[in-house]
Every structure is written in C-alpha cells, then in structure tokens.
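Okay, so here's the structure we're looking at.
The values are calculated or read from the model by the stated rules, or taken from the named source; none is laboratory data. What you are looking at is a predicted structure, and each value in this text was computed from that prediction instead of being measured. Please note: Cβ atoms are built from the backbone with ideal geometry, for glycine as well, and neighbour counts cover all protein chains shown. Just the protein is used for accessible areas: all its heavy atoms, side chains included, with ligands, DNA and RNA removed. Shrake-Rupley method; radii C 1.70, N 1.55, O 1.52, S 1.80 Å.
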Amino acid sequence: MKKLGKFKIMAIASLSAVVLLASIAVAQKVKTERGEGDGQRREWRGGGKRGAHGGGLFSRLNLTDDQKAKMKTIRETFATNNKPLMEQLRAKRQELRQASEGGTFNEALATQKLTEMAGLQAKLMGERFKLDQEMQSVLTAEQKTQLDQLKAQFKDHRGGRRGRGERRDDE
C-alpha cells in the first residue's frame, strides 16, 4: 500500500468522524421517532418530539397558536426543500457501506464517498442553520432570551458532549 501523507490521513480521519457522527445522529433520530430509548432523554427534548425544532426546546417557550403554525410551516418547507439533499446523503451512505461489504475494503472508493458526503453534509449544516434562524425570527425577544437559557442548560446537561461514546469522568 502506498504511504499516505499526514494530510491525507487527517482528511480521511476527519471525514470518517463526520460520517460517524451523522450516522449516530440518524440512528438516534430513528430511535427517538420510534419512541424507544432513554425516557430521560425524551423528557429533556420535550417528550421525544422532533428534536429541538420539532418540539423540544421550542415547546418550552409557551408559543402562541400562530407561532406554532408558522414554525410548522417553516419545518415542512425545510423538509420539502432539503429532501433531495437528504436522499443524496442516504445514497452516499449506502455506497460507503457497499465499499466495505464482502470482507474487502476499497479505501479509494471509501475516501471518494466520504469526500462527496462531506460537501453534502456541509450544505445541510448551512440549511439547518438557516432553519434555526428562520424559526427564531418567529419568537418574541423574551422567548429568544428563554431559548438562549434553555440552550445553555442543555449544553450544561450534556456536558458539551457531541456523541454517546464520550463520557465525563464523573458519570
């Protein structure tokens, strides 16, 4: 096998980490939507509803019916507009899985798929940021302050962890 440079190794490792985190997020979303998993986690996110946007943190802000309707429309528009992007990511994940099936690992193909996925994931992150901004534009100043406090509590509750595999020493 050719000797890979440090840059290539770091790039592959970084892209692999992004894919792993995305896979974990998808798996947790599916688990949450099925109503499985830790009751405390569902409690924290607002009863297992669609994460922070679908119910969780926003549901704790005493939204008016008008605000709820606007948020629902925003989420539905986001889902419709980003469905092709999500489908592309799903297809790339499947192609990546196929690169390692059958007991052989095609490193070049895996690197190519991870690189393609990274661009799609970056685009999706940007779209999610826009979604968050658009949803926050519906809130009053007081609700925005409450949301910031809830986010800080959530971050403290999680201990700054991104994935389930990382644990603090005090747990």
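Tabulated results
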item	result
Selected residue (criterion: modelled with the lowest pLDDT) from residues of segment 149-169 that are part of a helix (DSSP H, G or I) and open to solvent by less than 60 Å² (accessible area, probe 1.4 Å)	F154
Which numbered condition Q146 misses (of (1) surrounded by 14 or more Cβ atoms within 10 Å (Cβ to Cβ); (2) closer than 25 Å to R90 by Cα; (3) at pLDDT 85 or above; (4) out of contact with any Phe, Trp or Tyr (no Cβ under 8 Å at 6 or more places or on another chain))	(2)
Any chance L85 is open to solvent by less than 40 Å² (accessible area, probe 1.4 Å), under 21 Å from M135 (Cβ atoms), in contact with a helix residue (DSSP H, G or I) (Cβ under 6 Å, 6 or more places away or on another chain) and at pLDDT 70 or above	yes
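Let's see how each residue does on (1) surrounded by fewer than 11 Cβ atoms within 10 Å (Cβ to Cβ); (2) under 18 Å from S14 (Cβ atoms); (3) at pLDDT below 85:
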| position | (1), (2), (3) |
| --- | --- |
| L124 | no, yes, no |
| L131 | no, no, no |
| Q136 | no, no, no |
| T140 | no, no, no |
| E171 | yes, no, yes |
